[in-house]
Each structure stands twice: as structure tokens, then as C-alpha cells.
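The values are calculated or read from the model by the stated rules, or taken from the named source; none is laboratory data. Note that the structure is a prediction, hence the values are computed from the model and not measured. All Cβ positions, glycine included, derive from the backbone under ideal geometry; neighbour counts span all protein chains shown. The protein model used for the area step is the full one, side chains on, heavy atoms only, and it has no ligands, DNA or RNA in it. Shrake-Rupley method; radii C 1.70, N 1.55, O 1.52, S 1.80 Å.
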Amino acid sequence: MADLWWIYSKPVPADGRELWTLFLQCCCITAVIGGLFYNWMFASLEYSWHLSVAMAVSFSLLLLLTLLLVHPARCVFSMIMPTLGTKQGRKLLFSTCIMIAVVNITPNITGNIKTILQVIKCICKNSSDSLLNSTVLLEKVSWEFGDAIQETIDSMHKPMNGHFRFLLLQNSSLIYQKMHLAGEKISREFLSVEVLVKDSIRVANRLAAGFFMLYLCLESAWYLKNYLTNLRFDNFYITKKLERLAVDRRAAHLLVDSSRKLIRPTGLKLSWEEVVLCLVQAMLVTVALMLMLVAVAMDHFAFSMADTAVRKAAQFSAVPVTLNIKYRVSAGVSWILPFVFKVLGRPSEELLLRDFNRTYHHHLIFSSARCRISPATAPSPSVLLALGLLFCILYATVFLETFARRLCREIAASFFQSWEEKRVLYLYRKLSSRHRK
């Protein structure tokens, strides 16, 4: 591995064997990166597969030529890997989390809301249908009531028509048509809003992901530029070359006296500034985690509401309605005749009707098996697992960011060893001057 890294970090291969070794290394790297780039574009950013393949192949060929021919580009590309553990890598992971939420959680929420709307639509349709059927019962009651009057009263007092007339809506298709149109309008508006939100977030996420990836490359190039132009940049480590130089010049005590200000790149010690930076970044990740938990909670709440609505709608029992008609009618003659009968000593004459007592039953139905209701969709455990793993990686990168920057320095030092010697000599002189003062 040391020999392979030595060949990879050299500016120019020494012979044909090193050239072929470097070519094979670059081919393996570009094949892996091309596959990850295709998966990132197709699965995460949701580009079409043919565009993803074309972009991945073009990017792989360009990357192969760049790594093979440009020595600083190999250094920058090598530093991109540990730079993924810094805040720029976290931005890419945040972008991935947002895309997962948009692609999986948002459609699940809208699907459960549609299920609730279907339940409401089904209840309205069946209840209106049952209510229309109740008017038929009223018509039956009115005609039986009229028939009873016609049969009871004698011909002398019989009314011309004892029936009640109801104006019934015999054609219920108009109501169903209006309800259907209203439901379709709500569905179209809901779908248009859903598509608009998804498309907007998808485009914004693509732009953000492309910007973060470009900025990731620029940050690695910026680090290398500062490393090669500024001797003081990120130069406070006790490296092996610094220890060797101090021992050769019999000044090992300089490293002992400066142990509080200098740290070892391979150690676990963190400076106070690095600790504060880690805590701030951890708070930012926690805020993002809380926002994502709100989206997950909304998904579970929508599923709970939709599942409850479907189950309760299926358990709706028919509401019994009882119509009890009880009446007694008496028809008397005018007030003159009773007076005459009383004078003559005859009893008053009344025409009595029989008692009428009938009970009618009807049921109001709120749900029906004929209603097409989509089942509630439960949140996907795989999506929750993926988001949980991504946030675990995010928290890990917060505390590994310092070591990622140290690794970037080691990579730059291995690619430009002569410049690393100048940086070590500058740090040694700085320590010596401070010790003399």
C-alpha cells in the first residue's frame, strides 16, 4: 500500500511499470466514482436513467484523464474524500435527507390525506342516498294516511281527496354528479399542489446538490492553494519531520515547551477552538434533526388519522329511524243541530273515526362496501432507517471534521514533500524565535 501510494502521489512516474500502475489505479478509482455518480443522479436526484448514464460515463472519462495527467488534480481529488467529513460533506448529506423526505415521506402524507377525503366523500354519498330514500317512506306514509281517511269517513263527510302530495326528487343522478364533480375538483387541486411542491423541492435540491459538490471541489482546491502559498496555514502540528529536525539540531526541548500550543496530527487531542466548533456544528445538526422529526411525525399522524377513518367508517352501523303516526279524529255536526237534538230530547250525534296507529321503520346508512377507499399507507421502515443512518453519519462527521482536516494536510504533504520540508523548517524557526524571546 505504501508503494502504491508513493506511485500515486509522485508528480511523474519513473518508468513504464509505475505508469501502468498509476493508470490501473486511476481506472479503478474512476470506475467506482462513476458508479456512485450514476447512483447519486438516478436514485437521489431522480434524473432519467439515460441522462444519468451519459453523465456518469462522461464524468468518468474526464476524471480518468485528469487524474492521469494532472498531478495537483490528483491531490485535490484525494482531499475531497476526507473533505466529505467536513461541513461541505454534511451539506451533501442534508441534501440527500431532504430528497429522501420529498420522494418518500411527502407522497405518503398526501396519499393518507386522499384516503381521508375518500372516506368523507363516501359518507356524504351514502348519507345523501339514504336521505333521499327516506322521502320515499314519507310518500308511502302520506298515501296510507290518505287511504285511511277515505275509508273511514262516510260519503256524506268524505273529502274530495285525502292524500298528501310530496314533491320528490326522483332523479338523484344530479346530486351524485355534483358530488362527483366537487370531489374531482378537490382531487385535481390537491394533486396540482402536490406536484408543484415536489417539483419545486426537487429542482431546488438538484441545484443545491450541484452547488455543494462544486463547492466541495473548490474547498479542496482552496486548501491546497493556501497550503502551497502560505507557510503559516494549518501549520501547528508536531510531525515526524519536525521531531527529526529538532533532534538533529539538539532542540527537542522546543517541542516539550510548546506541547500546549502544538498537537500531534495522529493524536486524539483537540484544541479549544476545535471543541467549540464541534459543539456549534452539533447544534446545527440537531436543529436539522428536529425538522426532519417533524416531517416524520406528520407522516405517522396522517397515517394514524387515515387508518382510524377507514376503520371507523367500516364500523358505522345503520342508524334506525322510527316514524310513529298516531291520531284520532272526530267529525261533529254544526252547533245548531246539537241544540235542536237537545230540545227534542235526543242525544247529540257525532261521527267518530277509528284510532289509527302505525309505525314505520327506516335506516340511515353512512358507509357501504361499494365505496372505493384506498387503504392507509404506513410509513416505510426502510426510509426511517435510511434517515437514521444518515443522521448518525452527520453526527459522526461533526466530531471527525477535525481529523478529516488533519488527513487533508497529510495528503497534501505526501504530494508535495519538498514544500512540507519548508513548512516544517518555518515552524521550527518560529518555535526557536519564541523560545529565545
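Only one of the numbered conditions (1) modelled with pLDDT under 80; (2) surrounded by 15 or more Cβ atoms within 10 Å (Cβ to Cβ) is not met by D154, and that is (2).
Against the definition (surrounded by 16 or more Cβ atoms within 10 Å (Cβ to Cβ) and either touching a residue at least 40 places away in the same chain (Cβ under 8 Å) or over 20 Å from L407 (Cβ atoms) (or both)), how does L61 come out, yes or no?
Working: surrounded by 16 or more Cβ atoms within 10 Å (Cβ to Cβ): no; either touching a residue at least 40 places away in the same chain (Cβ under 8 Å) or over 20 Å from L407 (Cβ atoms) (or both): yes.
No, not satisfied.
Looking at this structure, is A54 out of contact with any helix residue (DSSP H, G or I) (no Cβ under 9 Å at 6 or more places or on another chain) and either open to solvent by 80 Å² or more (accessible area, probe 1.4 Å) or within 30 Å of A386 (Cα to Cα) (or both)? Spelling it out, A54 is indeed out of contact with any helix residue (DSSP H, G or I) (no Cβ under 9 Å at 6 or more places or on another chain) and either open to solvent by 80 Å² or more (accessible area, probe 1.4 Å) or within 30 Å of A386 (Cα to Cα) (or both).
Scan region 381-424 residue by residue and report those that are open to solvent by 50 Å² or more (accessible area, probe 1.4 Å) and touching a residue at least 12 places away in the same chain (Cβ under 8 Å). Those that are open to solvent by 50 Å² or more (accessible area, probe 1.4 Å) and touching a residue at least 12 places away in the same chain (Cβ under 8 Å): L384, I393, Y395, F399, L400, F403, R405, L407, E410, W419, E421, K422. Within region 76-92, can you find the residues that are out of contact with any Phe, Trp or Tyr (no Cβ under 6 Å at 6 or more places or on another chain), part of a helix (DSSP H, G or I) and open to solvent by 40 Å² or more (accessible area, probe 1.4 Å)? Residues satisfying the conditions are M81, K87. List every residue pair whose Cβ atoms lie under 7 Å apart, where the two residues are 6 or more positions apart in sequence or sit on different chains, the first residue falls within region 101-121 and is within 16 Å of L196 (Cβ to Cβ) and at pLDDT below 80, and the second residue, located anywhere, is open to solvent by 40 Å² or more (accessible area, probe 1.4 Å) and not in a helix (DSSP H, G or I). Listed pairs, sorted by first residue: V103/E46.
Looking only at region 295-314, decide whether some residue is farther than 30 Å from K87 by Cα, at pLDDT below 80 and in contact with a helix residue (DSSP H, G or I) (Cβ under 9 Å, 6 or more places away or on another chain).
The initial filter retains those residues of region 295-314 that are farther than 30 Å from K87 by Cα, namely 300-314.
Within this subset, residues satisfying the condition of being at pLDDT below 80 are 312-314.
Checking the rest, the ones that are also in contact with a helix residue (DSSP H, G or I) (Cβ under 9 Å, 6 or more places away or on another chain) come to 312-313.
Scanning region 295-314 turns up at least one residue that is farther than 30 Å from K87 by Cα, at pLDDT below 80 and in contact with a helix residue (DSSP H, G or I) (Cβ under 9 Å, 6 or more places away or on another chain).
Suppose the filter is open to solvent by 20 Å² or more (accessible area, probe 1.4 Å), in contact (Cβ under 8 Å) with a residue 40 or more places away in the chain and not hydrophobic (A, V, I, L, M, F, W, C); does R429 pass it? In short, no.
If you go through region 400-424 and pick out every residue that is part of a helix (DSSP H, G or I) and either of a type outside the set (D, E, K, R) or at positive phi (or both), you end up with 15. For region 93-108, how many residues meet the condition of being open to solvent by 20 Å² or more (accessible area, probe 1.4 Å) and of a type in the set (A, V, I, L, M)? Total satisfying the criteria: 4.
If I filter region 350-359 for residues that are over 34 Å from the mean Cα position of the chain (by Cα), of a type in the set (K, R) and either open to solvent by less than 40 Å² (accessible area, probe 1.4 Å) or modelled with pLDDT under 70 (or both), do I get at least one hit?
Initially, region 350-359 is screened for residues over 34 Å from the mean Cα position of the chain (by Cα), giving 350-359.
Cutting the leftovers down to of a type in the set (K, R) gives us 354, 358.
Adding the requirement that they be either open to solvent by less than 40 Å² (accessible area, probe 1.4 Å) or modelled with pLDDT under 70 (or both) leaves 354.
Yes, region 350-359 contains a residue that is over 34 Å from the mean Cα position of the chain (by Cα), of a type in the set (K, R) and either open to solvent by less than 40 Å² (accessible area, probe 1.4 Å) or modelled with pLDDT under 70 (or both).
Going by the structure shown, is D199 open to solvent by 50 Å² or more (accessible area, probe 1.4 Å), modelled with pLDDT of 75 or more and at negative phi? Break it down stepwise before answering.
Details: open to solvent by 50 Å² or more (accessible area, probe 1.4 Å): yes; modelled with pLDDT of 75 or more: yes; at negative phi: yes.
Yes.
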